[in-house]
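Okay, structure first, notes after.
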Amino acid sequence: MKWLANHDAIFTARDIKKQPLTREEILYMLSLTEEGTDDLISTRSKAYKALPTSVQDMGMNDLVALLQNNPGILKNPIVVDQNKLATGFDLETIREFVPASYRKKELAGFFKILNGTKNALGVSPA
């Protein structure tokens with residue numbers, strides 16, 4: 001959240017343990033994934049390893065109920081908007097949520113550095 005705020009991203013933070021995801025939110029996030037549950041579920045988490053059955057063997061209703069009742073198995077953070085999803089903190093992927101105006105300003109700063117001038121825009125590269 002701090003990284004997003006430092007890069008002018010507008011977002012709403014939510015603690016899904018206190019305010020669980022709805023069925024519709026889970027289905028929407030799954031619709032945005034490229035690898036289905038692999039994009040959302042942290043298979044290294046203790047909560048996942050404690051599951052009595054494989055997620056791949058579950059039907060959709062059971063999967064949705066599992067994700068609602070066990071948010072600890074989800075990757076963290078989850079960043080989602082109208083047409084894209086990012087899970088975990090992967091700098092390349094999460095940068096897609098930074099406003100285009102900030103990215104252009106940052107790119108201009110990089111060009112100034114490449115051309116041998118100081119970064120007069122005050123934009124941090126990461």
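The values are calculated or read from the model by the stated rules, or taken from the named source; none is laboratory data. This structure is a prediction, so every number in the text was calculated from the model and none was measured. Virtual Cβ from ideal backbone geometry, glycine too; neighbours counted across all protein chains shown. Calculation scope for accessible area: heavy atoms of the full protein, side chains included, ligands and nucleic acids excluded. Shrake-Rupley method; radii C 1.70, N 1.55, O 1.52, S 1.80 Å.
The residues of the chain expose, per residue, 68 Å² of accessible area to a 1.4 Å probe. Over all directions, the projected convex hull of the C-alpha atoms in the range 1-121 averages 9.0 nm² in area.
The modelled label-to-label distance for the pair ASN115/ARG23, using points 7 Å beyond Cα in the direction of Cβ, is 5.7 nm.
In this structure the amide hydrogen of LEU74, modeled in the peptide plane, comes within under 5 Å of the amide hydrogens of SER42, none closer than 5 places in sequence on its chain. Extension gain for ASN76-LYS104 works out to 7.3 nm (0.36 nm per residue, less the C-alpha to C-alpha distance).
Among the listed pairs LYS17/LYS105; LYS18/LYS105; LYS17/LYS84; LYS18/LYS75; LYS84/LYS112, which are separated by more than 28 Å between their Cα atoms? Long pairs (Cα-Cα over 28 Å): LYS17/LYS105; LYS18/LYS105; LYS84/LYS112. Across the range 81-89, rounded Karplus estimates of 3J(HN,Hα) from the backbone phi angles (6.51 cos²θ - 1.76 cosθ + 1.60, θ = phi - 60°) give 9, 5, 9, 8, 9, 9, 10, x, 9 Hz, Gly and Pro being marked x.
Surface composition of the range 29-106: carbon and sulfur make up 45 percent of the accessible area, probe 1.4 Å.
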